[in-house]
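**Q** Take a look at this one; I'll ask things after.
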Amino acid sequence: MKKLGLIFISLAILIGLILPWAQIKFKGNEIGTLVFFDFRGDGIKTQTLLIRKKDNPIRISFNAKYKVGGLLPPVKIPITAKIADRNGTLIATIISFSTKGIDTGPEQPKVRGGNGLVFNVQQDGLHALNLAFAANANDGNIKRPDVEEISAKFIANAGAVNNSFTIPATILGVLGFYLLIRSRRQRKDDQPTKQRWGRGG
């Protein structure tokens, strides 16, 4: 029963965590990367990329490189990201880059990934990606973090993460834990009781 419980838990991890990660990591092909340098300056940074409807759906993965010895907020750096075509904004969201526990001492610059986004092209042509610092309630009085650059990798035919396996993975995980607990209780019940000697024995 213990072995079966471990198998169920392993399947839950595979279905609920590894498969979605593999979808993000390996599905689709790169069509271009935009790099925003000297991001510490004021104002909105904008770059454009030619993308087409045949590339749908498109996923953008972000990376931020922090300056060596730079000043960073204690928890995260939120960035407003907007994708627009010639008719206007397609998607606008906040992406965040973790800074927790990062030491930007006199070593190599630190690189951290941010949450990505998925969108669909409505018409072929140039699309603009706008990035700007977002409001940060926990900025530690660092209004302009020392970000050396932010890169945005565009992946075509990427597809959104398939969440249809979430419920089966949860059921398998719960069942696996139940079997582990039950096997533990059964092992305790199977142990012979110690014979008591003397009065009342």
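The values are calculated or read from the model by the stated rules, or taken from the named source; none is laboratory data. Here the structure is a predicted model, which means the values were calculated and not measured. Please note: Cβ atoms are built from the backbone with ideal geometry, for glycine as well, and neighbour counts cover all protein chains shown.
**Q** Run N162 past the list (1) at pLDDT below 90; (2) at negative phi; (3) out of contact with any Leu (no Cβ under 9 Å at 6 or more places or on another chain) and report the number of the one that doesn't hold.
**A** Of (1) at pLDDT below 90; (2) at negative phi; (3) out of contact with any Leu (no Cβ under 9 Å at 6 or more places or on another chain), only one is false for N162: (3).
**Q** Kindly list, by first and then second residue, each pair from a residue in the stretch 82-96 that is within 15 Å of N115 (Cβ to Cβ) and assigned by TED's automatic domain parsing to the domain that holds G114 to a residue that is buried (at least 16 other Cβ atoms within 10 Å of the Cβ) and of a type in the set (V, I, T), limited to pairs with Cβ atoms under 8 Å and residues at least 6 apart or on different chains.
**A** I83/I60; I91/I83; A92/I83; I94/I79; I95/I79; S96/I77; S96/I79
**Q** How many residues are small (G, A, S), under 19 Å from F119 (Cβ atoms) and assigned to a loop (DSSP other than H, G, I, E, B) when one looks only at the stretch 34-75?
**A** Filtering the stretch 34-75 down to residues small (G, A, S) leaves 41, 43, 61, 64, 69-70.
Going one step further and asking which of them are under 19 Å from F119 (Cβ atoms), we end up with 61.
Now drop any that are not assigned to a loop (DSSP other than H, G, I, E, B), which leaves none.
Within the stretch 34-75, residues that are small (G, A, S), under 19 Å from F119 (Cβ atoms) and assigned to a loop (DSSP other than H, G, I, E, B) number 0.
**Q** So D103 fits all but one of (1) modelled with pLDDT under 95; (2) farther than 19 Å from I142 by Cα; what number is the exception?
**A** Among (1) modelled with pLDDT under 95; (2) farther than 19 Å from I142 by Cα, D103 violates only (2).
**Q** Ok, one more. Give the residues of the stretch 83-99 that are surrounded by 13 or more Cβ atoms within 10 Å (Cβ to Cβ) and of a type in the set (G, A, S), sorted by residue number.
**A** Passing the criteria: A84, S96, S98.
**Q** From N157, N120, N130, N136, which residue is surrounded by fewer than 14 Cβ atoms within 10 Å (Cβ to Cβ) and of a type in the set (S, T, N, Q)?
**A** Values: N157 fails: surrounded by fewer than 14 Cβ atoms within 10 Å (Cβ to Cβ); N130 fails: surrounded by fewer than 14 Cβ atoms within 10 Å (Cβ to Cβ); N136 fails: surrounded by fewer than 14 Cβ atoms within 10 Å (Cβ to Cβ).
Going through N157, N120, N130, N136 in turn, the sole match is N120.
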